[in-house]
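The values are calculated or read from the model by the stated rules, or taken from the named source; none is laboratory data. This one's a predicted model, so the numbers in the text were calculated from it and none came from an experiment. Note: ideal-geometry Cβ built from the backbone for every residue, glycine included; neighbour counts use all protein chains shown. All accessible areas refer to the heavy atoms of the entire protein, side chains included, with ligands and DNA or RNA removed. Shrake-Rupley method; radii C 1.70, N 1.55, O 1.52, S 1.80 Å.
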Amino acid sequence: MQTSSHKKKLVIGNWKMNGSSVANASLLRSLLPVISRFESVETAICPPFPYLTTVADLLDDSDVSLGAQNLSTHLSGAHTGEVSASMLQDIGCRYVLVGHSERRALYAEDDELVAKKFATALRAGLIPVLCVGETLAQRQGGETEAVVTQQLSAVLKAVGIQDLVKSVIAYEPVWAIGTGETATPEQAQAVHRHIREWLAEQDRPAATDCRILYGGSVKAENAKQLFDQPDIDGGLIGGASLDAMSFAAICWAAQTAPAAEPIAI
Ligand code: 13P
(Lines give C-alpha, C1' and ligand atoms only; values in the text may rest on other atoms or scores of the structure.)
Protein backbone atom coordinates (compact mmCIF):
# COMPACT_ATOMS: atom_id res chain seq x y z
CA MET A 1 0.00 0.00 0.00
CA GLN A 2 1.28 3.43 -0.89
CA THR A 3 0.58 6.30 1.42
CA SER A 4 -0.28 9.90 0.72
CA SER A 5 2.20 12.15 2.46
CA HIS A 6 1.78 14.94 4.90
CA LYS A 7 1.26 17.51 2.08
CA LYS A 8 0.03 20.92 3.16
CA LYS A 9 -3.05 21.94 1.27
CA LEU A 10 -2.44 24.66 -1.33
CA VAL A 11 -4.90 27.45 -2.18
CA ILE A 12 -4.12 29.67 -5.18
CA GLY A 13 -6.05 32.82 -6.06
CA ASN A 14 -6.26 33.42 -9.81
CA TRP A 15 -7.28 37.05 -10.19
CA LYS A 16 -7.64 36.63 -13.97
CA MET A 17 -7.91 40.06 -15.71
CA ASN A 18 -9.17 41.91 -12.65
CA GLY A 19 -7.76 44.50 -10.30
CA SER A 20 -6.10 47.90 -10.13
CA SER A 21 -3.26 49.30 -8.04
CA VAL A 22 -5.70 50.67 -5.49
CA ALA A 23 -7.99 47.62 -5.39
CA ASN A 24 -5.06 45.17 -5.12
CA ALA A 25 -3.49 47.04 -2.22
CA SER A 26 -6.81 47.24 -0.42
CA LEU A 27 -7.54 43.53 -0.97
CA LEU A 28 -4.14 42.46 0.30
CA ARG A 29 -4.32 44.85 3.27
CA SER A 30 -7.44 43.04 4.41
CA LEU A 31 -6.34 39.54 3.43
CA LEU A 32 -2.75 39.18 4.58
CA PRO A 33 -3.16 39.75 8.32
CA VAL A 34 -5.85 37.07 8.36
CA ILE A 35 -4.28 34.33 6.27
CA SER A 36 -0.80 34.82 7.70
CA ARG A 37 -2.15 33.12 10.84
CA PHE A 38 -3.04 29.96 8.89
CA GLU A 39 0.14 27.95 9.17
CA SER A 40 -1.15 24.62 7.88
CA VAL A 41 -2.07 25.83 4.45
CA GLU A 42 0.12 27.17 1.65
CA THR A 43 -1.29 30.10 -0.31
CA ALA A 44 -0.44 31.91 -3.52
CA ILE A 45 -1.82 34.77 -5.59
CA CYS A 46 -1.67 35.10 -9.38
CA PRO A 47 -2.30 38.74 -10.36
CA PRO A 48 -2.23 40.07 -13.93
CA PHE A 49 1.26 40.77 -15.33
CA PRO A 50 1.33 44.56 -14.74
CA TYR A 51 0.78 44.08 -11.01
CA LEU A 52 3.23 41.25 -10.37
CA THR A 53 6.01 43.43 -9.00
CA THR A 54 3.82 45.60 -6.79
CA VAL A 55 2.01 42.53 -5.47
CA ALA A 56 5.41 40.89 -4.92
CA ASP A 57 6.35 43.88 -2.74
CA LEU A 58 3.07 43.70 -0.83
CA LEU A 59 3.58 39.96 -0.23
CA ASP A 60 7.19 40.45 0.80
CA ASP A 61 6.76 39.98 4.55
CA SER A 62 4.20 37.21 4.21
CA ASP A 63 4.32 33.49 3.44
CA VAL A 64 2.01 33.97 0.48
CA SER A 65 3.67 33.01 -2.79
CA LEU A 66 3.44 34.84 -6.08
CA GLY A 67 2.31 33.22 -9.31
CA ALA A 68 1.73 34.33 -12.88
CA GLN A 69 -1.19 33.46 -15.12
CA ASN A 70 0.71 32.73 -18.32
CA LEU A 71 4.17 32.64 -19.90
CA SER A 72 5.80 32.52 -23.30
CA THR A 73 7.41 29.40 -24.72
CA HIS A 74 10.21 31.64 -26.00
CA LEU A 75 13.17 32.49 -23.84
CA SER A 76 13.81 36.08 -25.01
CA GLY A 77 13.97 38.29 -28.06
CA ALA A 78 11.57 39.53 -30.71
CA HIS A 79 8.24 38.41 -29.25
CA THR A 80 6.31 41.62 -28.72
CA GLY A 81 3.79 41.39 -25.93
CA GLU A 82 5.11 38.13 -24.48
CA VAL A 83 6.56 37.51 -21.01
CA SER A 84 9.31 34.95 -20.47
CA ALA A 85 9.70 32.37 -17.75
CA SER A 86 13.01 33.86 -16.63
CA MET A 87 11.36 37.27 -16.17
CA LEU A 88 8.73 35.67 -13.94
CA GLN A 89 11.41 33.89 -12.00
CA ASP A 90 13.44 37.10 -11.78
CA ILE A 91 10.63 39.07 -10.15
CA GLY A 92 9.90 36.37 -7.58
CA CYS A 93 7.20 34.13 -9.02
CA ARG A 94 7.05 30.62 -7.62
CA TYR A 95 4.10 29.35 -9.67
CA VAL A 96 2.75 29.88 -13.16
CA LEU A 97 -0.60 28.70 -14.48
CA VAL A 98 -0.39 26.63 -17.63
CA GLY A 99 -3.24 25.41 -19.82
CA HIS A 100 -6.03 27.29 -18.09
CA SER A 101 -9.27 26.50 -19.93
CA GLU A 102 -9.78 30.17 -20.79
CA ARG A 103 -6.47 30.16 -22.61
CA ARG A 104 -7.24 26.83 -24.27
CA ALA A 105 -10.67 28.03 -25.42
CA LEU A 106 -10.16 31.75 -26.10
CA TYR A 107 -6.50 31.82 -27.16
CA ALA A 108 -6.32 28.50 -29.01
CA GLU A 109 -3.73 26.95 -26.73
CA ASP A 110 -3.57 23.29 -27.66
CA ASP A 111 -2.05 20.39 -25.75
CA GLU A 112 1.24 20.73 -27.59
CA LEU A 113 1.63 24.42 -26.71
CA VAL A 114 0.59 23.78 -23.11
CA ALA A 115 3.23 21.05 -22.85
CA LYS A 116 5.86 23.46 -24.22
CA LYS A 117 4.88 26.14 -21.73
CA PHE A 118 5.02 23.56 -18.95
CA ALA A 119 8.55 22.49 -19.92
CA THR A 120 9.69 26.11 -20.30
CA ALA A 121 8.37 27.00 -16.85
CA LEU A 122 10.09 24.05 -15.21
CA ARG A 123 13.41 24.80 -16.88
CA ALA A 124 13.28 28.33 -15.43
CA GLY A 125 12.71 26.99 -11.93
CA LEU A 126 9.01 27.83 -11.78
CA ILE A 127 6.35 25.39 -10.61
CA PRO A 128 3.75 24.97 -13.34
CA VAL A 129 0.13 24.66 -12.27
CA LEU A 130 -1.24 22.49 -15.05
CA CYS A 131 -4.97 23.03 -15.55
CA VAL A 132 -7.06 20.24 -17.03
CA GLY A 133 -10.79 19.70 -17.32
CA GLU A 134 -13.71 18.81 -19.53
CA THR A 135 -16.50 20.87 -21.10
CA LEU A 136 -20.14 20.23 -20.28
CA ALA A 137 -20.67 18.43 -23.59
CA GLN A 138 -17.67 16.20 -22.89
CA ARG A 139 -18.98 15.38 -19.42
CA GLN A 140 -22.43 14.61 -20.76
CA GLY A 141 -20.83 12.43 -23.39
CA GLY A 142 -19.04 10.41 -20.72
CA GLU A 143 -15.64 11.65 -21.88
CA THR A 144 -14.39 13.33 -18.71
CA GLU A 145 -11.66 10.82 -17.86
CA ALA A 146 -10.52 10.50 -21.46
CA VAL A 147 -10.24 14.28 -21.87
CA VAL A 148 -8.28 14.76 -18.67
CA THR A 149 -6.01 11.82 -19.46
CA GLN A 150 -5.33 13.22 -22.92
CA GLN A 151 -4.42 16.65 -21.50
CA LEU A 152 -2.08 15.06 -18.95
CA SER A 153 -0.57 12.65 -21.49
CA ALA A 154 0.53 15.52 -23.74
CA VAL A 155 2.62 16.92 -20.88
CA LEU A 156 3.85 13.48 -19.84
CA LYS A 157 5.08 12.88 -23.38
CA ALA A 158 6.94 16.21 -23.38
CA VAL A 159 8.62 16.09 -19.98
CA GLY A 160 8.28 12.59 -18.45
CA ILE A 161 6.68 11.58 -15.19
CA GLN A 162 9.39 12.86 -12.85
CA ASP A 163 8.93 16.40 -14.13
CA LEU A 164 5.17 16.12 -14.42
CA VAL A 165 4.80 15.34 -10.73
CA LYS A 166 7.00 18.31 -9.78
CA SER A 167 4.08 20.44 -10.87
CA VAL A 168 0.72 21.09 -9.33
CA ILE A 169 -2.25 19.73 -11.25
CA ALA A 170 -5.52 21.65 -11.15
CA TYR A 171 -8.72 19.90 -12.17
CA GLU A 172 -11.07 22.62 -13.37
CA PRO A 173 -14.22 21.39 -15.08
CA VAL A 174 -14.98 24.05 -17.69
CA TRP A 175 -18.70 23.96 -16.91
CA ALA A 176 -17.99 24.94 -13.30
CA ILE A 177 -15.71 27.92 -14.00
CA GLY A 178 -17.32 31.25 -13.29
CA THR A 179 -20.78 29.70 -13.57
CA GLY A 180 -21.63 29.37 -9.90
CA GLU A 181 -22.13 25.67 -10.58
CA THR A 182 -19.58 23.70 -8.57
CA ALA A 183 -18.76 20.06 -9.10
CA THR A 184 -20.12 18.11 -6.16
CA PRO A 185 -17.43 16.87 -3.79
CA GLU A 186 -18.11 13.35 -5.11
CA GLN A 187 -17.78 14.39 -8.77
CA ALA A 188 -14.56 16.26 -8.05
CA GLN A 189 -13.13 13.46 -5.92
CA ALA A 190 -13.86 10.89 -8.65
CA VAL A 191 -11.83 12.83 -11.22
CA HIS A 192 -9.03 13.58 -8.74
CA ARG A 193 -8.91 9.86 -7.96
CA HIS A 194 -8.72 9.08 -11.65
CA ILE A 195 -5.83 11.53 -12.06
CA ARG A 196 -3.97 10.06 -9.10
CA GLU A 197 -4.46 6.52 -10.35
CA TRP A 198 -3.24 7.55 -13.78
CA LEU A 199 -0.15 9.12 -12.20
CA ALA A 200 0.37 5.96 -10.15
CA GLU A 201 0.40 3.90 -13.33
CA GLN A 202 3.44 5.97 -14.35
CA ASP A 203 5.12 6.19 -10.93
CA ARG A 204 3.47 5.09 -7.72
CA PRO A 205 5.41 7.04 -5.06
CA ALA A 206 5.32 10.24 -7.09
CA ALA A 207 1.56 9.97 -7.50
CA THR A 208 0.95 10.18 -3.79
CA ASP A 209 3.05 13.33 -3.43
CA CYS A 210 1.66 15.29 -6.38
CA ARG A 211 -0.80 17.99 -5.37
CA ILE A 212 -4.09 17.99 -7.25
CA LEU A 213 -6.21 21.13 -6.77
CA TYR A 214 -9.87 21.59 -7.59
CA GLY A 215 -11.08 24.79 -9.32
CA GLY A 216 -14.51 25.91 -10.47
CA SER A 217 -16.83 28.13 -8.42
CA VAL A 218 -15.15 27.32 -5.12
CA LYS A 219 -16.68 29.56 -2.46
CA ALA A 220 -16.53 29.91 1.28
CA GLU A 221 -19.73 27.84 1.47
CA ASN A 222 -18.53 24.78 -0.45
CA ALA A 223 -14.76 24.80 0.11
CA LYS A 224 -14.73 22.63 3.24
CA GLN A 225 -16.66 19.73 1.68
CA LEU A 226 -14.38 19.80 -1.36
CA PHE A 227 -11.18 19.97 0.69
CA ASP A 228 -12.35 17.12 2.91
CA GLN A 229 -12.12 14.75 -0.05
CA PRO A 230 -9.08 12.47 0.18
CA ASP A 231 -7.62 13.32 -3.22
CA ILE A 232 -8.31 17.06 -3.22
CA ASP A 233 -5.17 18.85 -2.07
CA GLY A 234 -6.48 22.40 -2.24
CA GLY A 235 -8.10 24.83 -4.64
CA LEU A 236 -7.55 27.18 -7.56
CA ILE A 237 -9.90 30.05 -6.89
CA GLY A 238 -11.15 32.61 -9.41
CA GLY A 239 -13.98 34.99 -8.50
CA ALA A 240 -13.91 34.34 -4.76
CA SER A 241 -10.21 35.26 -4.60
CA LEU A 242 -11.13 38.87 -5.40
CA ASP A 243 -12.89 39.26 -2.08
CA ALA A 244 -10.57 39.23 0.94
CA MET A 245 -13.00 37.62 3.36
CA SER A 246 -14.19 34.99 0.89
CA PHE A 247 -10.65 34.01 0.00
CA ALA A 248 -9.65 33.99 3.67
CA ALA A 249 -12.60 31.72 4.47
CA ILE A 250 -11.56 29.34 1.70
CA CYS A 251 -7.98 29.29 3.05
CA TRP A 252 -9.39 28.60 6.50
CA ALA A 253 -11.39 25.67 5.10
CA ALA A 254 -8.14 24.27 3.70
CA GLN A 255 -6.33 24.91 6.97
CA THR A 256 -8.93 22.94 8.93
CA ALA A 257 -9.51 20.14 6.39
CA PRO A 258 -8.03 16.81 7.42
CA ALA A 259 -4.54 16.06 6.20
CA ALA A 260 -4.56 13.50 3.42
CA GLU A 261 -5.08 10.06 4.91
CA PRO A 262 -2.88 7.19 3.87
CA ILE A 263 -4.79 5.63 1.01
CA ALA A 264 -4.16 2.67 -1.18
CA ILE A 265 -3.47 3.29 -4.84
P1 13P B 1 -14.09 30.63 -10.54
O2 13P B 1 -13.65 30.30 -9.14
O3 13P B 1 -14.44 32.06 -10.73
O4 13P B 1 -15.14 29.68 -11.02
O5 13P B 1 -12.82 30.39 -11.49
C6 13P B 1 -12.10 29.21 -11.38
C7 13P B 1 -10.86 29.34 -12.16
O8 13P B 1 -10.90 29.41 -13.38
C9 13P B 1 -9.59 29.47 -11.44
O10 13P B 1 -8.51 29.34 -12.29
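In this structure, is Ile169 open to solvent by less than 50 Å² (accessible area, probe 1.4 Å) and of a type in the set (Val, Ile, Thr)?
Yes.
What are the residue pairs meeting all of these: first residue in the stretch 74-90, first residue under 14 Å from Lys117 (Cβ atoms), second residue of a type outside the set (A, V, I, L, M, F, W, C) and part of a helix (DSSP H, G or I), Cβ atoms under 6 Å, and 6 or more apart or on different chains?
Ala85/Thr120
Could you please find all residues in the stretch 220-250 being part of a helix (DSSP H, G or I), open to solvent by less than 10 Å² (accessible area, probe 1.4 Å) and either within 22 Å of Glu143 (Cβ to Cβ) or near the ligand (Cβ under 10 Å from one of its atoms) (or both)?
Ser241, Ile250
Given the criterion touching a Pro at 6+ places or on another chain (Cβ under 9 Å) and not aliphatic (A, V, I, L, M), identify the matching residue among Tyr95, Tyr107.
Testing whether each residue is touching a Pro at 6+ places or on another chain (Cβ under 9 Å) and not aliphatic (A, V, I, L, M) leaves just Tyr95.
Quick test for you: out of Ser101, Ser65, pick the one residue that is in contact with a Lys or Arg (Cβ under 8 Å, 6 or more places away or on another chain) and open to solvent by less than 70 Å² (accessible area, probe 1.4 Å).
Matching residue, one of Ser101, Ser65: Ser65.
What number of residues within the stretch 192-219 satisfy the criterion of being within 21 Å of Asn14 (Cβ to Cβ) and surrounded by fewer than 17 Cβ atoms within 10 Å (Cβ to Cβ)?
0
Within the stretch 81-124, which residues are within 16 Å of the ligand (Cβ to nearest atom) and polar (S, T, N, Q)?
Ser101
Name the helices (runs of 4 or more DSSP H) wholly inside the stretch 129-192 in which the number of residues that are under 29 Å from Ser65 (Cβ atoms) is 2 or more.
144-159, 161-164
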